[in-house]
Amino acid sequence: MFSKKPRFAPQTASAAAAIDGGSLWTKIAALPVANPYVGAGAAALLLFASLGVLVATGDPRAGAPSVFVALGQAGASDLAAEAAPDEMIGTGEITMVPMDGLALAEDPYGGTAVITLANGTQRVLPLDGASAQALPPAPIAGLTQPSPAGLLPIVAPDGRNPAQAYARPFLSNGKPRVALVIGGLGLDPVRTQQALALPPEITLSFPVGQVSNLQGWINQARARGHEVMLEIPMEPKTYPNDDPGPDTLLANARADETQAKLDGLLAKATGYFGVTNYQGSKFLTSNAAMEALATGLRRRGLAFIDDGLAGLRGGGIPRASADRVIDEAPGRDAISSQLSQLEQSAGRRGSALGSGFAYSLTIQQVATWAQGLSARGYQLAPASAVTVRR
C-alpha cells in the first residue's frame, strides 16, 4: 500500500505574491506593515466578510461526491473515461481533484475507487493497468454471510449467486470458444505475477490452504480482469502417502464432515466464482463424495470445474471438465501441440476447456498462443463461459 501525493499542493507565500503583484488582496496584506491600526481594521473587516460569505453560500463542498480509494501495492491509471465530468475522485489522499482530464500513474498491481455521489449512489472504477477490464472488488454485497472461520458465499435473497456475480462477463462473437485455467498460483510470487499479466479472459486458480495472502492475490487477479477459482484439496488414490493437507476432503467421510470441511476452506477468501480440484483421483470417482461436494457447492451458489477426472458427474451446479491438461508432458512442442488440439476440439464442439500449471514455460507458451487465437478463428473465453448446469 502506498499513498500518492496530493495533486494540488498549498501555495507558498512567494507563489501567492507572484500571482498578481498589484491585486487588492496583495495590497490588503501589505497594510499591517504600512499602518498597524489600518491593518487591524482591515483584517477584522476581512474576517467578517469571509464569515458572511460562508453563511450565505455554505460549505462549497457540501453535496460533492466523496471517494474511498482501495489501492493495490502500487499506484493507479487513467480514470478520465470512466466517470462524468462533474464527478470527483481522490488520488490516494483526502484531496479531491477534478475528474476531467485526470491521468494517474500506471499501477501494475491494481485497485479500485468507489465514488459516492451526492444522491448516495456509488460507482466502482478500476485503478489498474487493465482499467475497463477490472472486475468489481470482493465481497459483493448480499453474497456473503459471516462464520467463525470467515465470510462464506451464499445465494442472495434475490437469486444472485457467486457463480454468476464473480464470473468474468462474456459476450460470444459466434466463434468457437476456447477457455483455459492456469492453476497452482500464489505459491511462487514471480510466476503468479507472470500469470496476472496474461489476457484477462484466462481463469486463474489458487490452492486454498497453501497460499499466504490468498485474498491479496485474488484481489490483484480480479483487478486485472481475471475471474478466480479456489483449488480444494481432495483425496488421491495414493493417500496418505501423498497428502494434500489437513483439510483434504476424504472419499469415505460422512456428508456432513465433507461439507463442514468445505465451508472451512471456502471461508478463507472471497471473490471466486467456483472451485476446482487439487488432486482428488479417489475423491472424484466416489458417488457419495461427489454428491456431498455438489450439495455443499449448490448451497453456496458456486460452480465446479475439474481437471477431467469427473467429466461425467453433474450435481445440479454449473459444471465443466477440462478436455486437456496442456502441460502434462513438458516442453514447448508438447504444450503447443496440446493447445492446437484444444482449438480443434473447440472447432468440432463449439467450445473446449484446457488446464495448466503455473510453470514459467506454460505461462510463456499461453501468452504467445493467445495473441493469435482470434486471427485463427477462435474466441478466448473465461472458464465460467463454458460451464453448464447438469
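The table below gives the values:
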item	result
Subset of the range 358-390 [part of a strand (DSSP E or B), over 20 Å from residue 185 (Cβ atoms) and not polar (S, T, N, Q)]	388, 389
For residue 320: the one exception among (1) touching an Asp or Glu at 6+ places or on another chain (Cβ under 7 Å); (2) of a type outside the set (Asp, Glu); (3) crowded, with 22+ Cβ neighbours inside 10 Å	(1)
Subset of the range 172-203 (residues that are among the aliphatic types (A, V, I, L, M) and within 19 Å of the chain's Cα centre (by Cα))	179, 180, 181, 182, 185, 187, 190, 195, 196, 197, 198, 202
Qualifying residue in the range 341-357 (condition: part of a loop (DSSP other than H, G, I, E, B) and under 28 Å from residue 217 (Cβ atoms))	no
Whichever residue in the range 136-155 is over 16 Å from the mean Cα position of the chain (by Cα) and part of a loop (DSSP other than H, G, I, E, B) and, among such residues, is surrounded by the most Cβ atoms within 10 Å (Cβ to Cβ)	155
Enumeration of residues in the range 251-262 that are buried (at least 17 other Cβ atoms within 10 Å of the Cβ) and under 31 Å from the mean Cα position of the chain (by Cα)	258, 259, 261, 262
Candidate set from the range 238-249 (those that are closer than 16 Å to residue 284 by Cβ and within 31 Å of the chain's Cα centre (by Cα)); member that is modelled with the lowest pLDDT	244
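A quick yes/no check of all residues on (1) without any contact (Cβ under 8 Å) to a residue 40 or more places away in the chain; (2) in the same structural domain as residue 290 (by TED's automatic domain parsing); (3) farther than 25 Å from residue 361 by Cα:
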| residue | (1), (2), (3) |
| --- | --- |
| 168 | no, yes, yes |
| 171 | yes, yes, yes |
| 175 | no, yes, yes |
| 182 | no, yes, no |
| 205 | no, yes, no |
| 214 | no, yes, no |
| 254 | yes, yes, yes |
| 261 | yes, yes, yes |
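The values are calculated or read from the model by the stated rules, or taken from the named source; none is laboratory data. The structure displayed is predicted, hence computed values, not measured ones. Neighbour counts run over all protein chains shown; Cβ positions are idealised from the backbone, glycine included.
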